[in-house]
Every structure is written in C-alpha cells, then in structure tokens.
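Colleague: Dropping a structure here in structure tokens format, bear with me for questions.
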Amino acid sequence: AAVFDPHDPLGIEDLLSPEDIAVRDTVRRWAADRVLPHIAQWYEAGELPGVRELARELGAIGALGMQLSGYGCAGASAVQYGLACLELEAADSGIRSLVSVQGSLAMYAIHRFGSEEQKQQWLPAMAAGETIGCFGLTEPDHGSDPAGMRTYAKRDGGDWVLTGRKMWITNGSVAGVAVVWARTDDGIRGFVVPTDSPGLSAPEIRHKWSLRASVTSELVLDEVRLPADAVLPEVTGLRGPLSCLSHARYGIVWGSMGAARTSFETALDYARTREQFGKPIGGFQLTQAKLADMAVELHKGILLAHHLGRRMDAGSLRPEQVSFGKLNNVREAIEICRTARTILGANGISLEYPVMRHATNLESVLTYEGTVEMHQLVLGKALTGLDAFR
Ligand code: FAD
C-alpha cells in the first residue's frame, strides 16, 4: 500500500511526469545552491546583488520565458512552468517575481503581440538572461484601474514620443528593455523601449518592507523618442496588458504555494523538536490543529494549481479561473505563513528563519497582479453577471 508522506499527503507527486520532476528538481537545486545561502542577507540589506548573474543562470536552466516556444525559449508545459515558479518562490518571492516579470510579462508581451523583428531582436537575449525586461502598466494614480492611465504616446512624423510616469515596476532599474503601456490617439498600445533611450530614467524605490530582495522602480518617461516600429503591432486596448497579467498570475497561483510550503515545513520541523512543558510542542493538540489546517490548505492549493495548469496546457483555462486560483492561493499562503510564525514563537520574527520573510513578501503578492478585491470582483461578476467594478 502507498505510504503517507507528510510532505505530500495527497500523493500529488503521482500527477507528475518524469520530465516534470526533472524540471522541478533542476530549479529546486539551483535555488538551494544560489539563493538560499544568501537570501536572508540580501533581504536584510534590501538588495539583490548579482542580479545580472542570477538572471543569466536562470536563463541557462531554461527558466526565463520557459513556457514560450522558439527564440531560445524552453517550450515547457504550463505545469512545468508552474512547478518552476513554486520552487523559486519556496526560496523567495522576489526571485520568482524577477522570473515572472521577465517571462510572463515582458517576454510574453513581445512573443504574443510583437513583430517578427521585435521577437528576433529581444527574445533570445531575454531567454538567455542577458537582457532583463520590465513591464510598466501601473502609474502613481492608476493601479487597479489602469484604463485611466495618463502616460501618453504622441506621433511626431514617423516617430513616437512617450511621456508619463510608471510606478512600482519590478526589475525597472536593472532592465535593458521596458514594455510600456501608454495611451495613444487610437487607444492603449504597448511600446518596446530600450532603457538607454534618452529621457528615460528608472530610480529605485527604497524603504520597502516586502519583496526586499527584488528591484522595484519608478519609470520616468520624459519625451522619450522612439521609432515607428517600437509599438507592439498586434494589439490595441487593455486586452494587451491584461492577457500578459493573466499569464503571470497563473505562475503566482503556483508560486505562492512555494512560500507556503517553506513556512509549513519550517513550522513542522520546529514543532517536532521544540520542547515546552516537557514535550515537543507538536504533541499539543492546539499545535496539531494548526499543522493539520496548514497542510490541508497547502495541498489543496497545490492541487488547484495543477488543475489550472492542466487546463492551460489543454487551452481551456479562463481568466476567471486564474482569478479563482490567485485569490485563493495567495490568501491561504499568507495565512499559512502567519500561522507558521506563531508556531515558531519568538524565533518566528527572526530572519534566522524564513517564515516572516515569506509572510511579508506575500503582502506584495496579495496586492500586485490584481488585488484580492479585484479578483473577488472578477469572480463576483462571472457568478452574477453583474459588474460591480464601478
Ligand atoms: P489601488 O488600485 O489604489 O487600490 C487600493 C485598495 O483599494 C486596494 O485594496 C484595492 O483592492 C481597493 N480597490 C480599488 N478599486 C476598488 C473597487 N472598485 N472595489 C473595491 N476595492 C477597490 N505594476 C506594474 O505595472 N508592473 C510591475 O512590475 C509591478 N510590480 C510591483 C511590485 C511590487 C512590490 C508592488 C507592491 C506592486 C507592483 N506593481 C507593478 C503594482 C501593482 O500591480 C499595483 O500596486 C496594484 O495593481 C494595485 O494598485 P494600487 O497599489 O494603485 O492600489
């Protein structure tokens, strides 16, 4: 008979093919080797030193634009991409953010909506991690409601001239290329902007208490002049950025469970060894109730991610289903981390343990890629047929 595995109580491993397992293990080993030994120090310092080297290594293991095909991308399945996100975020949400923005936002936008020339120019270098990308949608006054964006691209002869400000842009200060969404006379369009373009600057946003090992920046566009062919030709309107976001959110459905897994496993280990009142705290019913509830939500969440991954691979995944997954998994992941923190007692607040770092990272994950409330509204609308956004 099958044995009960405390790390995989539902036997989810049986759903994976040997190739899936190989992808997962490659990413897990890379993170164990390159991220885990340093992450607490990076987090405390509030920086991601060697980000360019990390990006090249992630390129070398095929993790950048993993699910895209051609142009040096790995052509992996949705499930494999998800497993990679989970393993990266089990190390730190900041590393997973770097990979999500590179592959699912910047590269995906160019791959899906770009011209053949744009794809040839940018994708191979981005897949290799030689060029880092960022994705500028959010503005200081327009977050959940990007339709009101003010960044504007006006035509000047054959050129485009971009002016505006983007805020909270992951990878901004280290990017070689920015996909920037801007209003034009014909609706919202995407632009591929080399970050050495005159008039573009990307000051880093400091003093974050979350995603401290991730570069977050402002993008200031002051009459940035671009050639006519800088526009992404294949899409007009918010459908463009929203479909990129749906792709990235899918990775978060998996990734958030990585942060939760690390916190759960840390709490489980701790509960087995830490003794109070003469026995391991894991032997008390109240601690067991916490561990049982955490395990239930963790593995339900991973199962949900698998289900969505299979739908994505079959071409039948709906954006509302991605909202379902993002809403549930990030909300449960943060709850798991907070509960894990209580099991660790005072040690729970220390950077010596990964739990509080994951919990505070997830505060960003809860907000970016559509806040909890936006996904509730997406589902609410899909359930009732009534739009409650405005
Ligand atoms: P707001 O939209 O002002 O929302 C504030 C609160 O009001 C939220 O709780 C929201 O849910 C609620 N709210 C708003 N409207 C409604 C409504 N109709 N009904 C009920 N409640 C409502 N953006 C990018 O473009 N690129 C990036 O790479 C990127 N990286 C990020 C990295 C980090 C670390 C962070 C924190 C953010 C990042 N973002 C990025 C921005 C992120 O996507 C936005 O923060 C997010 O969309 C929310 O926008 P906002 O912060 O302006 O909040």
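The values are calculated or read from the model by the stated rules, or taken from the named source; none is laboratory data. These figures come from a predicted structure and were not determined experimentally. We place every Cβ from the backbone using ideal geometry, glycine too, and count neighbours over all the protein chains shown.
Colleague: For residues that are near the ligand (Cβ under 7 Å from one of its atoms) and out of contact with any helix residue (DSSP H, G or I) (no Cβ under 8 Å at 6 or more places or on another chain), tally how many sit in region 138-165.
Modeller: Qualifying residue count for the region: 2.
Colleague: Could you check how many residues of region 64-93 are within 17 Å of L245 (Cα to Cα), within 15 Å of the chain's Cα centre (by Cα) and not polar (S, T, N, Q)?
Modeller: 7
Colleague: From A22, A84, A106, grab the single residue that is of a type outside the set (D, E, K, R), part of a helix (DSSP H, G or I) and surrounded by fewer than 24 Cβ atoms within 10 Å (Cβ to Cβ).
Modeller: Of A22, A84, A106, the one residue that is of a type outside the set (D, E, K, R), part of a helix (DSSP H, G or I) and surrounded by fewer than 24 Cβ atoms within 10 Å (Cβ to Cβ) is A22.
Colleague: Could you give every pair whose Cβ atoms fall below 9 Å, whose first residue belongs to region 1-28 and is more than 28 Å from A292 (Cβ to Cβ) and free of Cβ contacts under 8 Å to residues at least 60 places away in the same chain, and whose second residue is surrounded by 11 or more Cβ atoms within 10 Å (Cβ to Cβ) and hydroxyl-bearing (S, T, Y), counting only separations of at least 6 or pairs across chains?
Modeller: S17/S77
Colleague: Condition first: touching a residue at least 40 places away in the same chain (Cβ under 8 Å) and at positive phi. Can you find one or more residues in region 263-273 that meet it?
Modeller: The answer is no, given that none of the residues of region 263-273 is touching a residue at least 40 places away in the same chain (Cβ under 8 Å) and at positive phi.
Colleague: Can you tell me how many residues in region 166-195 are more than 14 Å from the ligand (Cβ to nearest atom) and aliphatic (A, V, I, L, M)?
Modeller: 1
Colleague: For region 299-345: of the residues being closer than 21 Å to E373 by Cα and of a type in the set (V, I, T), which is farthest from the chain's Cα centre (by Cα)?
Modeller: The qualifying residue farthest from the chain's Cα centre (by Cα) is I336.
Colleague: Condition check: among the polar types (S, T, N, Q), surrounded by 17 or more Cβ atoms within 10 Å (Cβ to Cβ) and in contact with a Phe, Trp or Tyr (Cβ under 7 Å, 6 or more places away or on another chain). Does T151 satisfy that?
Modeller: no
Colleague: Within region 72-81, is even one residue modelled with pLDDT of 95 or more and under 24 Å from R357 (Cα atoms)?
Modeller: yes
Colleague: Can you name every residue in region 154-207 that is surrounded by 23 or more Cβ atoms within 10 Å (Cβ to Cβ), within 19 Å of the chain's Cα centre (by Cα) and either farther than 23 Å from T131 by Cα or not hydrophobic (A, V, I, L, M, F, W, C) (or both)?
Modeller: K166, T170, N171, G172
Colleague: Looking at region 338-352 only, could you name the residues that are surrounded by 21 or more Cβ atoms within 10 Å (Cβ to Cβ) and not in a helix (DSSP H, G or I)?
Modeller: L344
Colleague: Next question, about the same structure. Only one of T216, T262, T266, T195 is over 27 Å from A55 (Cα atoms) and among the β-branched types (V, I, T); which?
Modeller: T266
Colleague: Kindly evaluate T236 against the criterion of being more than 12 Å from the ligand (Cβ to nearest atom), without any contact (Cβ under 8 Å) to a residue 60 or more places away in the chain and over 30 Å from V372 (Cβ atoms).
Modeller: So T236 does not fit the description; no.
Colleague: From A359, A346, A259, grab the single residue that is away from the ligand (no atom under 16 Å from the Cβ) and either touching a residue at least 24 places away in the same chain (Cβ under 8 Å) or farther than 21 Å from E87 by Cβ (or both).
Modeller: A346
Colleague: Pull up region 357-379, narrow it to residues that are of a type in the set (D, E) and in a helix (DSSP H, G or I), then point me to the one that is nearest to the chain's Cα centre (by Cα).
Modeller: Result: E363.
Colleague: Select from region 367-390 the residues that are more than 9 Å from the ligand (Cβ to nearest atom) and among the hydrophobic types (A, V, I, L, M, F, W, C) and list them in ascending order.
Modeller: Hits for region 367-390 are V378, L379, A382, L383, L386.
Colleague: When you scan region 44-80, how many residues do you find that are within 30 Å of S350 (Cα to Cα) and part of a loop (DSSP other than H, G, I, E, B)?
Modeller: Of the residues in that region, 5 qualify.
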